[in-house]
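Visitor: Sharing a structure, written as C-alpha cells. Questions coming.
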Amino acid sequence: MPLPQADFRSIKQRIPIDGVLARYGVKLRSVGPHTLCGPCPLPTHTSRQSHESFSVNLSRQVWSCHSASCIAARDGHLGGHVIDLVAIMEVCSLRQAGIRLQDWFGLSVFPSHPAPLPPVAVESSAAQPNRPLGFALQGIDTRHPYLTQRGISAATAQWFGVGMYQGAGFLAGRCVIPIRDEQSRLVAYAGRAIDGQEPKYRFPAGFRKSQVLFNLDRAMETDGPNVIVVEGFFDALKVHQAGHPAVVALMGSSFSQRQSELLLSRFASVTLMLDGDQTGRRAAEVIAELLTPKVRVHQVKLPNRVQPDQLSSAEINVLAGPPNRAS
Ligand SMILES: [Zn+2]
C-alpha cells in the first residue's frame, strides 16, 4: 500500500532536510547562500577520494553526491529529496522512510500507524511481500575475525555475502546478512551485533520475516527433494558449510503460511533442525504437524541448549545425514 502522493509531498515540504541530516549527526559547511557541502554520509559511499562530494540545496530541499561509485550503488541516481535520503540511510523502502520521518518529526497529516494487526493476520499469506531494495551496501568485509570466531569460512562468508559493515546508518559496525526473496531479489539486510549490543539483530523498518525464507532462492536451485530448515542465519551458514546447500532459515522460530507455501512449492521432504531449547522444540512440533500431511518430515533433535551454529561440520552430518556436496 503506497502512501498517497499528497503525504509524500507534505513530508517533502514540511520536514527540513538539514533537520534530518542533523538527526544523523551529519556536519556540513556552508559554501553558498543556500548550499551546504561535505563528506557523504550515505552507506552507498565507499570512495575515499571524493571527500566533499555531498551537497545539499536548502532552497530546493534536495541533496546529491557526485561520487561515481556512490551514484552507481544508488542505481544511477545523482541525489534526491529527504525521503530518498532516509530510505538509503535506513536501508528501507520509500514508504517506510516516509513513515519514519513522520514519526520522528511528529507530522499529523496522516495517521501515523494503522491499527495494529492481530498476530494471526501478520502471519497470513495476504501480508504484503517485501519490496526489492534497489541498491546494495558497498564495502562489506567478508574476512572479518568475527566470522572466523563463529566458525564461518571465508568461502562461506563470500558465498552468502555476509560480513562487517563499517559505513553509516543503522547497520554501521554490525555484521550484515543480505536477505533475498525466492526470486533472488535483495529485499533486506539483517545486522548482527558483534559486541553484545542490543538488539542482537536489526532489520529495516517494515521488513517482514514471515514473507521470506533466508537462502530459499539458492536452496531451490539444488537437485534433491529435501530441504533442511533451521532457525538462524548462522545455523544456515554452518549447515551449508557442512555440505548441505539445500538449507533455509526461518529467521526465528515462527512459521507463516507464506513460508509453508514457499517450501511446499519446491520440496517434497523437509528436515527440521531447530534449536535444542523449549522454543525450538515446540516450534518443530507445530511445523511438523502443519507439514506432515503434505510432505515427508524428519525432525532432528539437537541436544539440550545446542544450536546448529555451534556444531562442527562432522557433527551436523551425523545429525542431518551425509552431505549432498563436498564442502
Ligand atoms: Zn556519496
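Visitor: Given q = 0.17, 0.19 Å⁻¹, what are the Debye log10 I(q)/I(0) values for the range 140-265, with equal point scatterers placed on the Cα positions and solvent ignored?
Guide: Normalising to I(0) and taking log10 leaves -0.86, -1.08.
Visitor: Ok, one more. Identify which of Ser312, Ser55, Ser93 has the largest mean-square fluctuation in a Gaussian network model of the chain, with springs joining Cα atoms closer than 10 Å.
Guide: Ranking Ser312, Ser55, Ser93 by mean-square fluctuation puts Ser312 first.
Visitor: Using a 1.4 Å probe over the heavy atoms of the protein chains, calculate the carbon and sulfur portion of the accessible area of the chain as a whole percent. Mind dumping the intermediate values first?
Guide: Details: 8370 of 15690 Å².
It is 53 percent, rounded to a whole number.
Visitor: Moving to a separate point now. Rounded, prolate or oblate: pick one for the range 136-186, where a ≥ b ≥ c are the square roots of the eigenvalues of its C-alpha gyration tensor, a/c under 1.5 means rounded, and failing that, prolate if a/b is larger than b/c, else oblate.
Guide: It comes out oblate by the Cα gyration axes.
Visitor: To continue, here is another question. Could you sort the peptides 153-161, 211-219, 42-50 by per-residue average Cβ neighbour count (10 Å cutoff), highest mean leading?
Guide: Most protected by this proxy first, the peptides run 211-219, 42-50, 153-161.
Visitor: Determine the sum of side-chain charges near Leu85: Lys and Arg each +1, Asp and Glu each -1, restricted to other residues whose C-beta is under 12 angstrom from that of Leu85. Show your work: numbers first, answer last.
Guide: Details: positive: Lys12, Arg23, Arg74, Arg100; negative: Asp18, Asp84, Glu90.
Neighbourhood net charge equals +1.
Visitor: Still on this structure, please answer the following. Using unit Cβ charges (K, R positive; D, E negative) and no other charged atoms, how large, in debye to the nearest 20, is the dipole of the chain about its Cα centre? Walk me through the intermediate numbers first.
Guide: Details: 33 positive and 25 negative charges, 99 e Å.
The dipole of the chain has a size of about 480 debye.
Visitor: In addition: With viscosity set to 1.567 mPa s and temperature to 4 °C, compute the Stokes-Einstein D of the range 281-327, Rh being the Kirkwood radius across alpha carbon pairs; µm²/s, no decimals.
Guide: Details: Rh = 12.3 Å.
The estimated diffusion coefficient comes to 105 µm²/s.
Visitor: Also, quick follow-up: Apply the Karplus curve 6.51 cos²θ - 1.76 cosθ + 1.60, θ = phi - 60°, to the phi angles in the range 277-294 and return the couplings in whole Hz, x for Gly and Pro.
Guide: Karplus-based 3J(HN,Hα) across the range 277-294 equals 10, 4, 4, x, 5, 5, 4, 4, 4, 5, 5, 4, 5, 5, 8, 3, x, 10 Hz.
Visitor: What net charge is computed for the residues neighbouring Ser153, neighbours being all others with C-beta under 12 Å from the C-beta of Ser153, Lys and Arg scored +1, Asp and Glu -1?
Guide: Details: positive: Arg143, Arg150, Lys238; negative: none.
Taking every other residue near Ser153 into account, the sum is +3.
Visitor: Can you give me the accessible area per residue for the chain, using a 1.4 Å probe, in Å²?
Guide: 48 Å²
Visitor: A follow-up question, please. Using the Cα gyration tensor of the range 52-109, with a ≥ b ≥ c the square roots of its eigenvalues, what is the shape: rounded (a/c below 1.5), prolate (a/b larger than b/c) or oblate (neither)?
Guide: Here the range 52-109 falls in the oblate category.
Visitor: Follow-up question, since we're still on this one. Can you show me the helix-derived [θ] at 222 nm for the chain, built from DSSP H runs with n ≥ 4 at -39,500 (n - 2.57) apiece and divided by the number of residues, rounded to the nearest 500.
Guide: One gets -8500 deg cm²/dmol as the mean residue ellipticity at 222 nm.
Visitor: Placing one identical point scatterer on every Cα of the chain and ignoring solvent, what is log10 I(q)/I(0) from the Debye formula at q = 0.09, 0.14 Å⁻¹?
Guide: After summing over all Cα pairs, the log10 values are -0.54, -1.11.
Visitor: Explain nothing, just the number: relative contact order of the range 187-327, from Cα pairs under 8 Å at least 6 residues apart, as a whole percent. If you can, show how the numbers build up before the last one.
Guide: Numbers: 235 pairs, mean separation 34.6, N = 141.
Relative CO of the range 187-327 lands at 25 percent.
Visitor: Another one. Taking the highest mean first, how do the peptides 12-21, 295-304 order by number of other beta carbon atoms within 10 angstrom per residue?
Guide: Numbers: 12-21: 16.4, 295-304: 14.7.
Sorting 12-21, 295-304 by mean packing, highest first, produces 12-21, 295-304.
Visitor: Would you pull out the residues with amide H under 5 Å of Val306's amide H, same chain only if 5 or more places away, H placed 1.01 Å from N?
Guide: It is Gly276, by chain and number.
Visitor: Under the rule of at least 5 residues apart or a separate chain, name every residue whose amide H is placed under 5 Å from the amide H of Ala188.
Guide: Ile179
Visitor: Test of understanding: given the chain, find the longest segment containing no GluC sites (Glu not before Pro) that are in a DSSP loop and have at most 15 other Cβ atoms within 10 Å.
Guide: Answer from the scan: 53-220.
Visitor: What ³J(HN,Hα) values, in whole Hz, does the Karplus curve 6.51 cos²θ - 1.76 cosθ + 1.60 give for the range 213-229 when θ = phi - 60°, with x put for Gly and Pro?
Guide: 10, 4, 6, 4, 4, 7, 4, 5, 7, 7, 8, x, x, 9, 10, 9, 10
The values are calculated or read from the model by the stated rules, or taken from the named source; none is laboratory data. None of the values given here were measured: they were computed from a predicted structure. Methodologically, a virtual Cβ is constructed for each residue, glycine included, from the backbone with ideal geometry; neighbour enumeration extends over all protein chains shown. Calculation scope for accessible area: heavy atoms of the full protein, side chains included, ligands and nucleic acids excluded. Shrake-Rupley method; radii C 1.70, N 1.55, O 1.52, S 1.80 Å.
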